[in-house]
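What follows is one structure encoded as C-alpha cells, with my remarks underneath.
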Amino acid sequence: MFDGFMARTGCGAAVLALCVVGARAEPHVWPDGFLSRVELLALIQTLNSSLLASRSATATLEKWCADHKMSGDPKIVARRVPGAEKAPGEETKARLRVGSAAEVKYRRVQLACGEHVLSEADNWYVPARLTPDMNRTLDATDAPFGKVVASLQPFRRTFEMKMRWSPLPEGWELNANDTALEKGRGALAVPHELFEHAAILYSADQTPFSEVHETYMGEALDFDTKSLGPRKE
C-alpha cells in the first residue's frame with residue numbers, strides 16, 4: 001500500500017519528506033469584490049497586530065487557527081524544512097550578543113495547523129542559553145520553538161515588519177466608488193506570502209537567545225467564513 005501511494009503521488013523514498021512538507025489544504029475561495037477585499041485587509045491587519053503584541057507567535061497562531069476553525073485539532077506543529085544551514089550574519093550575532101557563529105544553531109520550520117501552513121520561519125538560537133532538555137527536544141523533534149522555550153518566560157521585540165500584499169490598491173480610499181473595486185471579478189487570488197516579521201526573543205532576565213525571521217502565509221486566510229456563524233450584512 002505504501003509503495004502504491006509513492007507511485008501514485010510521484011514521491012520516491014528520497015523525496016517523500018519534501019512531498020509531505022509541500023502538501024497543503026485546498027484554499028478557501030474569496031470572491032473578488034470590494035467587500036471581500038476590505039474583509040481580507042481587516043483580517044491581515046488583525047493577525048499582524050496580534051502577532052506584534054504577543055509574547056509568542058506560536059500561541060497567537062494556535063488561537064487564530066482555533067478561532068477560525070481551521071482544524072479539528074487546532075495545535076501548531078513545526079515541520080522541519082531540510083536544506084543548507086544559514087550562518088548568522090554580523091548583525092544577527094550583534095543582536096544575540098555572541099562573538100562567533102559557532103555559538104549559534106539554525107533551524108528552519110513551517111508552522112502548520114492541520115493542513116494549513118501559517119508561517120515559515122528561520123531561527124538562529126544560542127543553545128548555551130537554553131536548558132539541556134530544550135536543546136534535546138529541538139534537535140530530536142518537530143516541536144514549535146515557542147512551546148519548547150516557554151519556561152524561560154520569553155518575550156519578543158520585533159525590529160522589522162514588511163507587508164508583502166494588500167488586498168486594496170494604494171490610494172483606494174480616494175476611489176472608493178470606482179466600479180472596478182465595486183464589481184466582483186470571480187475569485188480573488190490570495191498570494192503565497194502576506195507579511196514578514198523579524199524579531200529577537202529574550203528570556204525573563206532580558207537575555208537575547210533567538211532571532212527569528214518569519215513569513216506569514218496566505219494559508220492563514222484559508223477558512224470558510226460560513227463556519228464561523230451567521231454574518232450581519
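Among residues other than Trp64 whose Cβ falls under 14 Å from its Cβ, what is the net charge (Lys/Arg +1, Asp/Glu -1)? Provide the component values of the computation, followed by the final result.
Values: positive: Lys63, Lys69, Lys75; negative: Glu62, Asp67, Glu214, Glu219, Asp222.
It works out to a net charge of -2.
Per residue of region 32-39, in order, report the coupling 6.51 cos²θ - 1.76 cosθ + 1.60 (Karplus, θ = phi - 60°) as ³J(HN,Hα) in whole Hz, putting x for Gly and Pro.
8, x, 4, 4, 4, 5, 5, 4
Mind pulling the per residue volume of the convex hull built on the Cα atoms of region 16-174? Å³ is fine.
Working: hull volume 24.8 nm³, N = 159.
Convex hull of Cα atoms, per residue: 156 Å³.
Among all the aspartates and glutamates, which ones have a C-alpha under 18 Å from Lys105's C-alpha, if same-chain residues fewer than 8 places away are not counted?
Output for Lys105: Glu85, Glu90, Glu91, Glu120, Asp122, Asp133, Asp139, Asp142, Glu211, Glu214.
Regarding region 46-96, what whole-number volume in Å³ per residue does the convex hull of its Cα atoms give?
Numbers: hull volume 6.1 nm³, N = 51.
Value for region 46-96: 120 Å³ per residue.
So between Ala42 and Ala101, what do we pick up on full extension, going 0.36 nm a residue minus the alpha carbon distance?
On the way: separation 59, 0.36 × 59 = 21.24 nm, distance 4.01 nm.
Result: 17.2 nm gained on full extension.
Using the scaling law 2.2 N^0.38 Å as the reference, what is the normalised Cα Rg of region 88-168? Can you show the working numbers first?
Values: Rg = 14.7 Å, N = 81, 2.2 N^0.38 = 11.7 Å.
For region 88-168, the normalised Cα radius of gyration is 1.26.
Here, each number is a calculation from the coordinates, and none is a lab measurement. Everything numeric here is computed off the predicted structure, so don't read it as measured data. We place every Cβ from the backbone using ideal geometry, glycine too, and count neighbours over all the protein chains shown.
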